[in-house]
Amino acid sequence: MSKVSMTVNGKAVSGDVKGNTLLVEFLREDLRLTGTHVGCDTSQCGACTIHVNGKSAKACTMFAAEADGADITTVEGMANADGSLSVIQQAFQDHHGLQCGFCTPGMVMTAAALLKENPKPTEAEVRHYLEGNICRCTGYHNIVKAIMAASGQDVSAIAAE
Amino acid sequence: MYNFDVVRPTSVDEALSALSQEDAQALGGGQTLIPTLKQRLAMPTTLVSLSGIDSMKGVSVDGGVITVGGATPHAVVAGEVADAFPALAHLAGNIGDPAVRNRGTIGGSLANNDPSACYPSAALATGATIVTNAREIAADDYFQGMFTTALDEGEIITSVKLPVPEKAAYIKFEQPASRFSLVGIFLAKYADGVRVAVTGASNNGVFRWAEAEAALSADFSVAAVEGLSAPSGDDMISDLHGSGDYRAHLVKALTKKAVAQAS
Ligand code: FES
Ligand code: FES
């Protein structure tokens, strides 16, 4: 066991982890932040996407020990300070960007990373950026639409509802 | 996963001493190694993470040579070389997906030498120099077959030096599920000749297509490649995604595309 300390959603946390403890296990099982999902555990689906020092990463493909000293944001840290939904989260609700919701935490974190890098992406850029996030329900159209809307663009002409 | 210790040295010297312990293994971004550990295909007692070594991170451009620190993630390379070497930026910016590109490193990719990885083709086509803690290795001597390199046990890639070509292109025919290349061609044109490196195709890992290099060095045109026969598919990877002959066909088709797109 070794001790790790990091900042998670603005709060300093620490814990004892084994070498092979994945960051997603530390978040879900030790910190009880179960918003970050595990869909595949093999780096394919992106349900576990979080931000490490402001950059997206798959929490199933990183050890907790590698996050020692890092600044981590999970989906629990995305809402506004008063608890209301962030612009991206609200857009997912407004545009029906989720069905079962399993992929949604990862989609929201990836969308946030995209809009930070590229505040007004084209539809093609959104689709390309979502390559590492798999959704078995929606067919992606409304996810793309939600992200475009969250970037402040007119989405009335995009794809089907 | 079996259990192991993870150590995070902050200097190359500390990393080397940690790697000298029995069954210690270097951990770059972990985007290949962690899935491998989950499948219990590797059993280190200690993983030596290179992600805390600041001297191994970053990109610099100097006198026509780009130097990339061994622990530099793909996303950083994609951003930093966009103007100086667009073909390399394109390669780095299309490995895996955005989250993978924030973790995976050039040193990790070259040390692993996956036969379908993107970076080996850039290193070989540019005649890059692989700089380790102990020596400098020319790309032509470095790649020694699928998952095999000139690296010794415990040797670390500290940086990679890539001479910037006059013109270059990377054309990746993507295997859509894995996002590795089914075949990838890195073409680099220098004042003294053209180099063409092929990834994804051969059972022996990345290789140079000598006939295309000779033809293109004499006449840098699509027609020069058109006149060649495709390399033999006999020793190429045959799997459910494509036969050896199909990959051989792609080598020629994508090389023509690379010549047309080179900039
Ligand atoms: S659970 Fe991490 S990518 Fe699927
Ligand atoms: S909403 Fe069900 S997996 Fe995306």
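Quick one: is B:PRO98 open to solvent by 30 Å² or more (accessible area, probe 1.4 Å), over 14 Å from the mean Cα position of the chain (by Cα) and farther than 20 Å from B:LEU151 by Cα? So B:PRO98 does not fit the description; no. Within segment B:38-45, can one find any residue that is closer than 24 Å to B:ILE137 by Cα and away from every other protein chain (no Cβ under 12 Å)? Checked segment B:38-45: no residue is closer than 24 Å to B:ILE137 by Cα and away from every other protein chain (no Cβ under 12 Å).
Apart from one condition, A:VAL4 fits all of (1) within 16 Å of ligand 1 (Cβ to nearest atom); (2) of a type in the set (Val, Ile, Thr); (3) open to solvent by less than 20 Å² (accessible area, probe 1.4 Å); the exception is (1).
Tell me, please, whether a residue that is crowded, with 18+ Cβ neighbours inside 10 Å and over 24 Å from B:GLN25 (Cβ atoms) can be found in segment A:13-26. Within segment A:13-26, none of the residues are crowded, with 18+ Cβ neighbours inside 10 Å and over 24 Å from B:GLN25 (Cβ atoms). Residues that are under 21 Å from A:LEU33 (Cα atoms) and touching a residue at least 24 places away in the same chain (Cβ under 8 Å) within segment A:93-103 comprise A:LEU98, A:CYS100, A:PHE102, A:CYS103, listed in sequence order.
Please verify whether B:LEU19 is more than 13 Å from chain A (Cβ to nearest Cβ) and at pLDDT 95 or above, treating the condition exactly as stated. Answer is yes for this residue.
Residues of segment A:34-74 that are away from chain B (no Cβ under 13 Å), within 15 Å of ligand 1 (Cβ to nearest atom), β-branched (Val, Ile, Thr) and surrounded by fewer than 23 Cβ atoms within 10 Å (Cβ to Cβ): A:THR34 alone. Within segment A:1-27, the set of residues being within 24 Å of B:THR45 (Cα to Cα), within 18 Å of the chain's Cα centre (by Cα) and either in a strand (DSSP E or B) or of a type in the set (S, T, N, Q) (or both) comprises just one member, A:LEU22.
Among the residues of segment B:81-92, at least one is within 14 Å of chain A (Cβ to nearest Cβ) and surrounded by fewer than 24 Cβ atoms within 10 Å (Cβ to Cβ).
For (1) among the β-branched types (Val, Ile, Thr); (2) more than 17 Å from the chain's Cα centre (by Cα); (3) over 23 Å from B:ALA177 (Cβ atoms), each residue gets a yes or a no:
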residue	(1), (2), (3)
A:LEU98	no, no, yes
A:VAL108	yes, no, yes
A:ASN118	no, no, yes
A:GLU125	no, yes, no
A:GLY132	no, no, no
A:ARG136	no, no, no
A:MET148	no, no, yes
A:ASP154	no, yes, yes
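Residues that are in a helix (DSSP H, G or I) and either closer than 18 Å to B:THR36 by Cβ or in contact (Cβ under 8 Å) with a residue 12 or more places away in the chain (or both) within segment B:1-23 comprise B:VAL12, B:ALA15, B:LEU16, B:ALA18, B:LEU19, listed in sequence order.
The values are calculated or read from the model by the stated rules, or taken from the named source; none is laboratory data. The structure presented is a predicted model; accordingly, all values stated were derived computationally and were not measured. So basically every Cβ, Gly included, is an ideal-geometry build from the backbone, and we count neighbours across all protein chains shown. The area values use the complete protein model at the heavy-atom level, side chains included, leaving out ligands, DNA and RNA. Shrake-Rupley method; radii C 1.70, N 1.55, O 1.52, S 1.80 Å.
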